[in-house]
Amino acid sequence: MGSPGVAPRVVRVGGGSGMWGDDPEAPRRLAEGGPLDYLALDYLAEVTMSVLQRQRAKDPALGYARDVVPAVLSVLPWLERGTLRLLANAGGVNPAACAAAVCAALGAKAGAVGVAIVSGDDLMPRMDALLGAGHDLRHMETGEPLAPVRDRLVSANAYLGSAPLADALATGARVVLSGRCHDAALVTAPLRYEFGWAVGDLDRLAAGTIAGHVIECGAQASGGNCLADWQSIPRLEDIGYPIVEVQESGEFVVTKHPGSGGRVDRRSVTEQLVYEIGDPTAYHTADVVADFTTLRLHDQGHDRVAIAGVRGRAPSGMLKVSAAIRDGFKATSTLVYAWPDARQKAEAAARIVRARLDRLGLRFEAMHVEVIGAGAVHGPLAGPDAGRDAPEVMLRIGVRDANRAAVERFTKEIAPLVLNGPPSVTGYFGAKAKVEEILGYWPALLSADAVTPRVERVA
């Protein structure tokens, strides 16, 4: 608690990226738009790790989210002045290469800014030892052990907590680059560092986790992708990315810079709060188990929503692991049919493809056909007459199978429809579709004692 009459100290953290490929101007706009202490850049999703692992396999200098390099350069004036620090999980599966690229871009200024990396999340180098020691890494939904598919494993990363990121800040680095950590750790870490929150400060750690969860998807908390009265959200073309103003007690306000587009209110914040949380009473991270049902929201108006009352429990001692395995091959092709009878033409084309594949004796593990523009999104709920008079529709056909040759043969059955199928094909995409390898998601749990985070100051 602060002294009577003295405003409590506030740490301001901005969420400047919600995914790899997010708005490249957002970090700079956050830095220049008003007071900000930390910038949290989240680049990773489950599939991203697999893509980065593939890149590193082809080139040992890759395997990280390259968007971070221009992001760091865009806020360099604030980093140099010492008014801003940046945390990003852009290290992906290769934090060392990420740091090397950032340092190369900074040149002689790297030492003055300071760069640190957090690693230890990549389990691939230790996978055989972990399995041999009895860590089954069973699939969280099916219960299957990982060992039988070990030879198909592409990537495996544990979700680190905020403690090693806070340790990286303690080295004096103004840029901290990590591999896989839980998304909210990018926000909880500076709060631990600034306020000295300890392992046992469970309610505060839970509050920091929820604050991080609110802004981890970038502008999704400030009006982007918002269902609530979305037509009334102003100036999405200049949307302001969200900021949390956090007190030592853990109470915080969600806001954005004045004058920016978008909207922060109870509705937009609530939509983000319930995004991908599973059991709202038990949101598990490496730091804490947060109970979302205990928090209280107060819409203060003027793009400010206060959150208080968060409660937390001790973490389970297990870390989530995101792994990916090779899981067959796929190909997808698309044709566009024009009015009249657009939907009927597309459906007839799909029947022709099925008949030709049957004639060839080709069977697939899965075949997916949808007529976009004729109720494909809503399925049976769209009703039997959906899209019956649509001016144009898009036919998309995809297959998947363990047999690459069969999938390759499928790709040769679409282009002929342009000349010998139903009329009025106005465009086709992927008529000679590329065969792609499928990466299957393998979520698992691993004892936290089996993972040792590493912190290194590299500049």
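Readers should treat all values here as calculations from the given coordinates under stated rules, not as data from a laboratory. As the structure is a prediction and not an experimental result, all values here were calculated from the model. With ideal geometry, Cβ positions are generated from the backbone for all residues, glycine too; neighbour counts draw on all protein chains shown.
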Per DSSP H run of at least 4 residues, take -39500 (n - 2.57); add these up for the chain, divide by its residues and hand me the 222 nm value, nearest 500 deg cm²/dmol.
-7500 deg cm²/dmol
The range 218-355 pair-distance distribution - Cα-Cα, 5 Å bins, rounded %:
2, 8, 12, 14, 11, 9, 10, 9, 8, 7, 6, 3, 1, 0
For the chain, what number of Lys pairs, 8 or more residues apart or on separate chains, have alpha-carbon atoms under 18 Å from each other?
5
Among Glu216, Glu245, Glu144, which comes first, then next, by fewest other beta-carbon atoms within 10 Å?
Glu144, Glu245, Glu216
For q = 0.11 Å⁻¹, Debye-computed log10 I/I(0) when each Cα of the range 1-88 counts as one equal scatterer:
-0.40
Which number do you get for Rg(Cα) / (2.2 N^0.38 Å) in the chain?
1.10
Nearest-ten-degree value, helix 185-195 long axis tilted from longest Cα axis of the chain
0 degrees
Acute angle (nearest 10 degrees) that the helix 202-215 long axis makes with the longest principal axis of the chain, alpha-carbon atoms
50 degrees
Output the peptides 11-20, 359-368, 337-346 sorted from most to least packed, where packing is the average of other Cβ atoms within 10 Å over each peptide's residues.
11-20, 337-346, 359-368
Please sort 156-164, 183-191, 118-126 by packing, taking for each peptide the average over its residues of neighbouring beta carbons within 10 angstrom, highest first.
183-191, 156-164, 118-126
If R0 = 41 Å, then Glu144 and Arg81, at their Cβ-Cβ distance, give a FRET efficiency to the nearest 0.05 of 0.20
So, with points 7 Å from each Cα along the Cβ direction, the Asn403-Glu436 label distance in nm works out to 2.3 nm
Once both axes come from the Cα atoms, what is the angle between helix 342-359 and the longest principal axis of the chain, in degrees from 0 to 90, rounded to 10?
80 degrees
Once Lys and Arg get +1 and Asp and Glu get -1 on their Cβ, which of Ala376, Gly361, Met394 lies farthest toward the positive end of the dipole of the range 358-409?
Gly361
For the range 1-155, what is the per residue volume of the convex hull drawn over the alpha-carbon atoms, in cubic angstrom?
180 Å³
Roughly how big is the chain's charge dipole about its Cα centre, with Cβ charges of +1 (Lys, Arg) and -1 (Asp, Glu), in debye to the nearest 20?
1020 debye
